[in-house]
Amino acid sequence: MVDKIKFITAGKDAFGVYRGKDMHLEEHHPVAQKWVELMSKKNIPFAEICFAGCGIGTSDFPIAKAVELHSGKPSLFSFLDIQAGPVMELASAYYSGHPDRSFEHESVASFYVQDIDKGLPYQNASVDGIWSRFTMHWLKKPLDAIAEFHRVLKTGGHAYIGTSTPYSLSVMNEIFLLTTIDYWTLLERFPNAIITEKFSNDLQKLIWEVNHGPEITDYFRMHPNEETYSYTKSLDSVSGNKHVTGFNGSFFKNTVSSLGFNVLEIATEGSAHYANQYQQSDDRSNTTIHVLLQKR
């Protein structure tokens, strides 16, 4: 399992660009790169940096390596995720000395199996930076998690959050087997959705794909005041129940700032790998939001 990990940094001359496990180059958004730059400039040895929702570390560990590479100083990196398997796989690669999961400047890594909805395993004002990429939208209490980020960060500490917009939920389509439910039942259950018959390569079966894009549009049209917050939906399909939240920029500008954060940067973008049905000229095609926060 360890030998399959092939994620390495591209080097100092390609700041913010990382080579993926299938050896393609992945360029992180400038807001994410700004967080790496800020962490690299911290003039203290063994700064404590948390990666919240790390999975097997495919994206997060190279970011830690980049911070160390550009700072030239050792840091204390902690990686946590709710799933034990991915955390154990990442820890195994690190402790076995795998070259793609090791550091150059005596940095130290620690690993936690932790449900972020239930808090973070740190003392108050003890962490210098937090990186959370594609995790926040799965949490049942995202605002509580961001308040927890504020609790553990030192004054002036930075958090990067990369997560989903409301219209990314139109990519996370609900899937039902044709053999278990008919079209008219689905139409009655989801009158505003786009329901399409498809063949699933993953399942090797015919499925109904239920797209909720129109429902999201109707929701914000009927609840204009909710634009300052977010859109949450519980997805029920053959892949299991999922509680998903998409965030508007105003969620961070208004709600999160009230928790004691300065919002330094915020940006949305679309992605060819995470595209929905909207054209690029339509703001609804932006499925990812990037936010840089600083604790006041």
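The numbers here are math on the coordinates, done by the rules we state, and not lab data. Small disclaimer: the values here were computed from a predicted structure and weren't measured. Every residue, glycine among them, receives a Cβ derived from its backbone with ideal geometry; neighbour counts consider all protein chains shown.
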Residue-by-residue Karplus 3J(HN,Hα) for the range 205-210, coefficients 6.51, -1.76, 1.60, Hz, glycine and proline x: 8, 6, 9, 9, 9, 10
Residues listed by number, the range 139-183, amide nitrogen under 18 Å from Q123 label point at 7 Å toward C-beta: 149-157
Likely footprinting exposure, S75, S285, S257, fewest C-beta neighbours within 10 Å first: S257, S285, S75
Residues E265 and E188, FRET efficiency given R0 of 35 Å [Cβ-Cβ distance, rounded to 0.05]: 0.20
Cβ crowding within 10 Å averaged over residues, with 157-168, 95-106 ranked highest first: 157-168, 95-106
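Of all GluC sites (Glu not before Pro) in the range 125-198, which ones are in loop regions per DSSP and have a Cβ with at most 16 other Cβ atoms within 10 Å?
Here no loop site has a sparse enough neighbourhood.
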Cβ crowding within 10 Å averaged over residues, with 112-120, 214-222 ranked highest first: 112-120, 214-222
Given K41/K141; K34/K73; K34/K295; K233/K295; K65/K233; K140/K205, the pairs whose alpha carbons are separated by over 27 Å: K41/K141; K233/K295; K65/K233; K140/K205
The range 91-119-the range 169-225 distance, computed between alpha-carbon centres (Å): 39 Å
Residue exposure sequence - W138, W35 - by fewest surrounding Cβ within 10 Å: W138, W35
The range 121-163: trypsin sites (Lys or Arg not before Pro) in DSSP loop, at most 15 other beta carbons within 10 Å: K140
